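Enquirer: Just passing along the structure, written as structure tokens.
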Amino acid sequence: MHDMDLEYAIEVEDLETYYGDRQILRGVSLKVAPEEIMVIMGGSGSGKSTLLRYILGLNPPHAGTIKLLGNDISKISSQELYLLKKDIGVSFQSGALMRSLSVGENICMPLKEHTKLDENTMHIMARMKLEVVNLSGFEDLMPAELSGGMIKRAAIARAIVMDPKLLFFDEPSAGLDPVVAAELDELILHLRSALKMTIVVVTHELDSAFKIADRITILDQGKILLTGTTEEVKNSDDRRIQDLLNRRPKQEEIDPEKYLDILLGKKARQVP
Amino acid sequence: MTTVMSGFIRFVENVGRKFVGGIAELGYVLVLFAESLYWGFVGHSRQQPVRVQSVLKEIREIGFNAVLIVSVLCMAVGAMLAIQGVATLKAFGQELRTIDLVAQATTREFASLIVGILVAGRSGSAITARIGTMHESQEIDALRVIGINPVRHLGSPVLLAMIVCVPLLTIVGYFMCIFGSGLFVSSALDIPLATYMERTLEVLTLNDVSQGLIKSSVFAIIIALVGVSNGFQVGSGAEGVGRSTTRSVVLSISFIVVADMIFTYFLNIASFS
């Protein structure tokens, strides 16, 4: 595909999603340019992981459109979608390596699925990618024998083995010690400069976000508060954004009437 | 009065919700069945084949590894039938008829039923647990973003392997039931084992043997679909996996027994009239 001529690698428009009756995303629009690193930030329950799931096509949107490399993922045929997956790499929060396969076999999975390379070539490519993530020599181990940071790096190796144009990270540094987390940030920057990938990172780690991001999107309660460069985010005078940046607990004013209703388990106070 | 009414309404509501849920699940299972077959037959031409290797792996797990336990159980059931047969038929002086009884009862009924229940408990639960844990650890999501259809990768191999293994295990069951019974009868009634086997081959018809095989194919489909669908629909947490696994076994065995009754009726409908 010919996406370098595209204006945007990822375009999300007016995305609305529900979990049961509860609305999670309320009209989210987001554009990511080619070779850009976009960080999606927000507190727990802000909808950032949900947004990632919908961009990846793991759930069908209730309203709105999602375009990856110019293809509307809910309109293209299943065969086109299948081909599009070659250009997408994802590193999940828990790594999501297949526990029944060795690290090397895990990394070869996308190659086995999408190419007709012979076994030896695949293993050479897997070793090259392990080298990129500093895990060379670990291809014969099982995922259960790796530490948390190693699992994440192996998952990144699997995500980049097809040299995808779009690379997604879900909470790359969650649960890792600061040194390993910093190494992962370096790795993300390196992947963009060396392999020219468009990268979307979902995280709530401030340091890491400011270090790697070209632009940051801040989600709160299913809405985008702001999309802008790191400077714009730092200088924003929105209170919620500043709460998030300065780790201040939310200071919402409590309406005594409403609070009473919550305690009494009433949905809405009836007016007599 | 109002509490009775509201209780009744809640009851009706619950029944309705369960019913609709059941219909939805039935629909899901039928789609899963169609999709598993679709990938089995069409996957290759769409460059997304069901891997022969994964089917063989399932066959080894479901079929080959179960041969010993199927043999032991079926021998025991065969011997048990023979003991009861000799004891009851003796009253009519027909104890030699035990050979006919066991031959027909095991091929028509017992071998397939024992194998079905055993495979449901042994492999059906394992399949649900495996797919359920994969779901929990986002491995299924990982498959999907790589472009690997989870039904093709996990569902089709199980269905194909079951359809191959359960009837083959049933044939093993036939032999072992009859062998187990033969051991008892030949020593209790003092006839050579070879004579016992000759008599068995005389009484058995193609109809007897095929009844068990037809039913075992149905059981295979039931175990595969119940196991796989419960795995994909697993609730959250380790508790969810445990609950789905139990549900999978209980449902498989219940459906097997009910299907057995229905198929036995229709396969023998000619002999009632």
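Enquirer: What does the structure give for A:81-91 when I average, per residue, the other chain Cβ atoms found within 10 Å of the residue Cβ?
Expert: Average neighbour count from other chains, rounded to a whole number: 3.
Enquirer: How large is the dipole of segment B:30-271 about the Cα centre if only Lys and Arg carry +1 and Asp and Glu carry -1, each at its Cβ, rounded to the nearest 20 debye?
Expert: 440 debye
Enquirer: Quick one: Cα centre-to-centre distance for segment A:98-165 and segment B:18-43, in angstrom?
Expert: 33 Å
Enquirer: Give, in whole angstrom and from largest to smallest, the semi-axes √(5λ) of the equivalent ellipsoid of segment A:105-261, with λ running over the eigenvalues of the Cα gyration tensor.
Expert: 38, 17, 15
Enquirer: May I ask you to list the trypsin sites (Lys or Arg not before Pro) in segment A:1-84 that are in a DSSP loop and have at most 16 other Cβ atoms within 10 Å of their Cβ?
Expert: Within segment A:1-84, the qualifying trypsin sites (Lys or Arg not before Pro) (loop, at most 16 other Cβ atoms within 10 Å) are A:75.
Enquirer: Can I ask one more? Taking chain B as a Gaussian network, Cα atoms linked when under 10 Å apart, which of B:179, B:33, B:11 shows the biggest mean-square fluctuation?
Expert: B:11
Enquirer: Sorted from largest to smallest, which semi-axis lengths in Å does the alpha carbon gyration tensor of segment A:186-248 give for its equivalent ellipsoid, taking the root of 5 times each eigenvalue?
Expert: 23, 12, 10
Enquirer: At most 10 other Cβ atoms within 10 Å and a DSSP loop assignment: could you name the chymotrypsin sites (Phe, Trp or Tyr not before Pro) in segment A:1-66 that fit?
Expert: none
Enquirer: Label chain A by shape, choosing from rounded, prolate and oblate, from the square roots a ≥ b ≥ c of the eigenvalues of the Cα gyration tensor; if a/c is under 1.5 it is rounded, and otherwise prolate applies when a/b is larger than b/c, oblate when it is not.
Expert: Because a/c hits 1.5 or more and a/b exceeds b/c, chain A counts as prolate.
Enquirer: For chain B, modelled as a GNM with alpha-carbon contacts under 10 angstrom, which of B:24, B:142, B:105 fluctuates the most?
Expert: Most flexible of the set in this elastic network: B:24.
Enquirer: Can you give me the long-range amide H partners of residue A:161? Hydrogens built in the peptide plane at 1.01 Å from N, cutoff under 5 Å, separation of 5 or more residues or another chain.
Expert: It is none; the list stays empty.
Enquirer: Given the C-alpha centroids of segment A:177-201 and segment B:81-100, what is the distance between them in whole angstrom?
Expert: For segment A:177-201 versus segment B:81-100, the Cα centre distance is 78 Å.
Enquirer: Here's something else I'd like to know. Mind checking which helices in chain B clear 30 Å along their axis (Cα) and have mean Kyte-Doolittle hydropathy of -0.5 or more, DSSP H runs only?
Expert: Helix filter hits for chain B: B:2-42, B:67-89, B:156-188, B:206-232, B:237-267.
Enquirer: Evaluate 2.2 N^0.38 Å with N set to the residue count of the protein assembly as shown, then give the Cα radius of gyration divided by it.
Expert: Output field value: 1.25.
Enquirer: Further question: What ranking do B:164, B:226, B:250, B:77 get, fewest neighbouring Cβ atoms within 10 angstrom at the top?
Expert: B:250, B:164, B:77, B:226
Enquirer: Could you tell me which residue out of B:222, B:102, B:261 lies farthest along the dipole of chain B toward its positive end? Charges go on the beta carbon: Lys and Arg +1, Asp and Glu -1, centred on the Cα centre.
Expert: Result: B:222, furthest along the dipole toward the positive end.
Enquirer: Separate question: Please report, to two decimal places, log10 I(q)/I(0) for segment A:78-117 at q = 0.15, 0.19, 0.34 Å⁻¹ as given by the Debye formula with identical point scatterers on the Cα atoms and no solvent.
Expert: Each listed q corresponds, in turn, to -0.43, -0.67, -1.14.
Enquirer: Okay, moving on. Ignoring GluC sites (Glu not before Pro) that are buried or in helix or strand per DSSP, and keeping those with at most 14 other beta carbon atoms within 10 Å, what is the longest stretch of chain A between them?
Expert: It works out to A:8-251.
Enquirer: Where the Cα atoms of segment A:1-141 are projected onto their three principal axes, how long is each span, largest first, in whole Å?
Expert: Over segment A:1-141, Cα extents along the principal axes are 47, 35, 27 Å.
Enquirer: Highest GNM mean-square fluctuation, chain A, Cα pairs closer than 10 Å: which of A:106, A:120, A:134?
Expert: In this elastic network of chain A, the residue with the biggest mean-square fluctuation among A:106, A:120, A:134 is A:120.
Enquirer: In segment B:76-146, what trypsin sites (Lys or Arg not before Pro) fall in a loop by DSSP, with at most 16 other Cβ atoms inside 10 Å?
Expert: Sparse-neighbourhood loop trypsin sites (Lys or Arg not before Pro): none present.
Enquirer: Calculated from DSSP H runs of 4 or more alone, at -39500 (n - 2.57) each and per residue, what is the 222 nm mean residue ellipticity of chain A, nearest 500?
Expert: -11000 deg cm²/dmol
Enquirer: Remind me, relative contact order of chain B in percent, using alpha carbon pairs under 8 angstrom and six or more residues apart?
Expert: 29 percent
Enquirer: Also, I was wondering about something else. Any chance you could list P(r) for chain B, counting all Cα-Cα pairs in 5 angstrom bins from zero, rounded to whole %?
Expert: Histogramming chain B at 5 Å steps yields 1, 6, 11, 14, 15, 13, 11, 9, 7, 6, 5, 3, 1, 0, 0, 0 percent.
Enquirer: Using only Cα atoms, locate the centre of segment B:146-180 and the centre of segment B:245-273, then give the distance between them in Å, rounded to an integer.
Expert: So the separation of the two Cα centres works out to 18 Å.
Enquirer: Can you give the Rg to Rh ratio for segment B:1-154, taking only C-alpha atoms and Rh from Kirkwood?
Expert: 1.17
Enquirer: Taking the Cβ of each residue in B:229, B:216, A:193 as the centre, tally the other Cβ atoms inside 10 Å and list the residues starting with the fewest.
Expert: Sorted ascending by nearby Cβ count, the order is A:193, B:229, B:216.
Enquirer: Quick one: which residues, 5 or more positions from residue A:36 or on another chain, have an amide H under 5 Å from its amide H? H modelled 1.01 Å from N in the peptide plane, none for Pro or chain starts.
Expert: A:199
Enquirer: What is the Rg over Rh value, at two decimals, for segment A:99-187, using alpha-carbon atoms and the Kirkwood definition of Rh?
Expert: With Rg and the Kirkwood Rh in hand, the quotient comes to 0.96.
Enquirer: Mind sorting A:236, B:236 by how few other Cβ atoms lie within 10 Å of their own Cβ, fewest first?
Expert: The fewest-first ordering by Cβ neighbours comes to B:236, A:236.
Enquirer: Please report the relative contact order for chain A, taking Cα pairs under 8 Å with a sequence separation of at least 6, and give it as a percent rounded to a whole number.
Expert: Relative contact order of chain A: 24 percent.
Every read-out reported here was derived from the displayed coordinates using simple, explicitly stated rules and does not represent laboratory data. The structure displayed is predicted, hence computed values, not measured ones. Backbone-built Cβ (ideal geometry, glycine too); neighbour counts: all protein chains shown.
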